[in-house]
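Before any comments, here is the structure.
The values are calculated or read from the model by the stated rules, or taken from the named source; none is laboratory data. This structure is a prediction, so every number in the text was calculated from the model and none was measured. Heads up, the Cβs are rebuilt from the backbone with ideal geometry, glycines too, and the neighbour counts pull from every protein chain shown.
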């Protein structure tokens, strides 16, 4: 079991926000998560705060909880993640979500996606991010939502960066099992008694499908009945 803290990136008292992160590190906690809501006027930019926190801590793992994909292009997410992984000496994990608060995202110029469209965009983004971290050169990807045409990835991370997804509904849980390294739900959005075990089973089922699919190409991935 790993224990962590979820620190609100509150800009009203910068010193207090940083002290919370430093206290988690000093106490020997495993993880500090920082939510990513760029449209929230009282919040710091999450990536700026994480970089600052990396310089002020020594052992705690830092994670975006979760990065707002509609306002963070996947190639830039991949580069920022690799940079922070290197600067923190391996203490970074990318928590990623399909995006929420569509009206606020649109107000900042981002795409407003919902339902299947949001899940499809997330799957495309993961392909680009993984390709960037692998150092595919030149990196090319042509999707419905994202296109990368001949990018040159770098710098490479020093080790594989964990990719955790914030997911709740069947299609997203299946995507987590198929493509992610971990699950990063927000507790107020799930019922721990009713939802946690069910969600874990859905993720595990999708992960097992990945391990078996080469043996039966006719298999269809699980979790296609809902978002």
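I'd like to know if the range 154-173 contains one or more residues that are touching a strand residue (DSSP E or B) at 6+ places or on another chain (Cβ under 9 Å), in contact (Cβ under 8 Å) with a residue 40 or more places away in the chain and in a helix (DSSP H, G or I).
Yes, the range 154-173 contains at least one residue that is touching a strand residue (DSSP E or B) at 6+ places or on another chain (Cβ under 9 Å), in contact (Cβ under 8 Å) with a residue 40 or more places away in the chain and in a helix (DSSP H, G or I).
Residues checked against (1) assigned to a loop (DSSP other than H, G, I, E, B); (2) closer than 26 Å to residue 102 by Cβ; (3) under 18 Å from the mean Cα position of the chain (by Cα):
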residue	(1), (2), (3)
16	no, no, no
21	no, no, no
28	yes, no, no
37	yes, yes, yes
Residue check for residue 71: touching a helix residue (DSSP H, G or I) at 6+ places or on another chain (Cβ under 9 Å), within 15 Å of residue 37 (Cβ to Cβ) and surrounded by fewer than 22 Cβ atoms within 10 Å (Cβ to Cβ): yes
Qualifying residue in the range 75-93 (condition: in a loop (DSSP other than H, G, I, E, B) and within 23 Å of residue 39 (Cα to Cα)): no
Residue check for residue 63: part of a strand (DSSP E or B) and at negative phi: yes
Members of the range 135-153 that are part of a loop (DSSP other than H, G, I, E, B), in contact with a helix residue (DSSP H, G or I) (Cβ under 8 Å, 6 or more places away or on another chain) and either surrounded by 16 or more Cβ atoms within 10 Å (Cβ to Cβ) or without any contact (Cβ under 8 Å) to a residue 24 or more places away in the chain (or both): 143, 145, 146, 153
Which listed residue is part of a helix (DSSP H, G or I) and either within 28 Å of residue 83 (Cα to Cα) or at pLDDT 95 or above (or both), from 205, 124: 124
